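Asker: Let me give you the structure first, and then I'll get to my questions.
The values are calculated or read from the model by the stated rules, or taken from the named source; none is laboratory data. What you see is a predicted model; the values in this text were computed from it and never measured. Note that we place each Cβ from the backbone using ideal geometry, even for glycine, and neighbour counts take in every protein chain shown. Calculation scope for accessible area: heavy atoms of the full protein, side chains included, ligands and nucleic acids excluded. Shrake-Rupley method; radii C 1.70, N 1.55, O 1.52, S 1.80 Å.
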Amino acid sequence: MNSRLSSSTPFLLLLQFSLLLFSIKFPPCWSLDSFSSCSKPFNCGNITNIDYPFWGDDRVEACGHPDLHLKCDENKTTTIKIKDVVYEVLKIDQNTQILQIKRDDFFESKGLCSPKYPNTTFDSQLFEYAPGFAEITINYDCPALKGVPGYFSCPDWSTYKDVFIQVASETHPGCSSNLQVGIGVNYFGDFWSMEEALIREGFGVKYKVDTLLCKEGCTGSGGVCVHDVDSNKPTCHCPDGNSRESPCPPQRPPSAQLKDFGGVTIHYDCPSSLKGKLGYFPCPDGSTHENGFIGDNTGCNSSLKIGIGRSYFVDIGNFSIMEEALIREGFRVKYKVNTSLCNGCTKSGGVCGYDWNSNQPTCYGGSSRQSPFPLPSPPRPQIKGTSKGCSLKNI
């Protein structure tokens, strides 16, 4: 019989052909924005508990609308860039979807005569003026309008010589430059107070983003609102790893969940069209691969499959957490080998071995313990990779 003799203990012999439970360590690889951060609000100074449709700071881009990026500076001041113009955010009311903002350059230059962003307009597709606010046009270098209400001379050190304010969105043809900005309608007719109001108070705008799904059940159902770049609408990402246009289904209690681990497929070198979608991540410079994507293969060059705890499926786009789980925790598998014979074998004084012809365990005892074959070394219970995840071989 072409067989190998077992080791002196049944446990070591069983390790020869499989392991009851073993950990596979997935090495560190990718620098990825964290999807789980979408469950964390944006907090900066007096701007607190801000979630969808905004992103920024600890909230990655997938957490919000691409053009609603909040930044927090070292002074705990929140800013947002709208059509290349930086605005300081004074207040955000997510119930009414209204922001109170002011142009950053008016404050820095201490007036209207030296704007950093001339010849600019406001984004009327994403925003509309809040009730009580409207747009004015500030024209520059308009010598022919001297003496007309709304005309002001600028200090000698200013970028422009004079300013002409129009309570309208139209520009004046006799001026060299202009910009549009919002202001409270209560200042209309009071040109002397407008400059101070623009510097100190700013104006209110309402962002035109549909957040109904988020308000009506996504968060309450255990999901997290994220932004779908294809539909340009929010979608609800659920603990089961799926995204949907409705609240998450009820979760089964832990006792009803039959499996604790499942598989994910990591694709590498994917088309740029996937950038910004949940599951996409860039790889660091020097890696074998440029990027990766967890999800359906849509034109990627290579892929690998690996297991992970199902509790991490909610973090399908958050690989700072998924990566840590793969590195530290690994995953569990169960070997499919019939060992029922071994229980009776050891009780009778025998030792379980392996019959390569039948592909089944066999019981050895007495003189049959002698074997011409050397005893195999038991496999290591832990397997740990040494290459970086974005530089894996044999995928």
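Asker: Leaving ligands, DNA and RNA out of it, report the carbon-plus-sulfur percent of the accessible area of region 95-241 at a 1.4 Å probe.
Answerer: Solvent-exposed carbon and sulfur of region 95-241 make up 51 percent of the total.
Asker: Under a point spin-label approximation (7 Å from Cα along Cα-to-Cβ), what is the Asp73-Arg244 distance to one decimal in nm?
Answerer: Inter-label distance under the simple model: 4.4 nm.
Asker: Please work out the FRET efficiency for the pair Glu216 and Glu108, using the Cβ-Cβ distance as r and a Förster radius of 35 Å; give the result to the nearest 0.05.
Answerer: For Glu216 and Glu108, the calculated efficiency is 0.25.
Asker: Test of the criteria: in region 38-119, which trypsin sites (Lys or Arg not before Pro) are in a DSSP loop and have at most 11 other Cβ atoms within 10 angstrom of their Cβ?
Answerer: Within region 38-119, the qualifying trypsin sites (Lys or Arg not before Pro) (loop, at most 11 other Cβ atoms within 10 Å) are Lys76, Lys110.
Asker: Quick one: which of Lys161/Lys208; Lys76/Lys215; Lys146/Lys206; Lys71/Lys233; Lys76/Lys146; Lys110/Lys275 span more than 32 angstrom between C-alpha atoms?
Answerer: Pairs exceeding 32 Å: Lys161/Lys208; Lys146/Lys206; Lys76/Lys146; Lys110/Lys275.
Asker: Here's another thing I want to ask about it. Working out 0.36 nm times the residue gap between Lys146 and Thr96, then minus their Cα-Cα distance, what length gain in nm do you get to one decimal?
Answerer: Extending this stretch completely gives an extra 13.9 nm.
Asker: Taking amide H positions as placed 1.01 Å from N in the peptide plane, with prolines and chain starts having none, which residues 5 or more places from Gly295, or on another chain, fall under 5 Å of its amide H?
Answerer: Result for Gly295 returns Thr265, His267.
Asker: Here is a follow-up. Explain nothing, just compute: Karplus ³J(HN,Hα) = 6.51 cos²θ - 1.76 cosθ + 1.60, θ = phi - 60°, for every residue of region 287-297 in order, whole Hz, x for Gly and Pro.
Answerer: 6, 5, 10, 7, 7, x, 8, 9, x, 6, 6
Asker: State, to one decimal in nm, how far the label point of Asp190 lies from the label point of Asn46, with both points 7 Å from Cα in the Cβ direction.
Answerer: 2.0
Asker: Still on this structure, please answer the following. Any idea how far the Cα center of region 93-163 sits from the one of region 30-89, in Å?
Answerer: First find each Cα centre; the distance between them is then 25 Å.
Asker: Additional query: Under a Cβ-Cβ cut-off of 11 Å, what is the net charge of the residues other than Cys218 that fall near it, where Lys and Arg count +1 and Asp and Glu count -1?
Answerer: After counting each charged neighbour, the total is -1.
Asker: To check my understanding: the extent here is largest minus smallest coordinate of the Cα atoms along each principal axis. What are those three numbers for region 37-95, in Å, largest first?
Answerer: If we take the Cα atoms of region 37-95, the spans are 26, 24, 24 Å.
Asker: Further question on the same structure: Using the heavy atoms of the protein chains and a 1.4 angstrom probe, tell me the accessible area per residue for region 50-191 in square angstrom.
Answerer: The answer is 48 Å² per residue.
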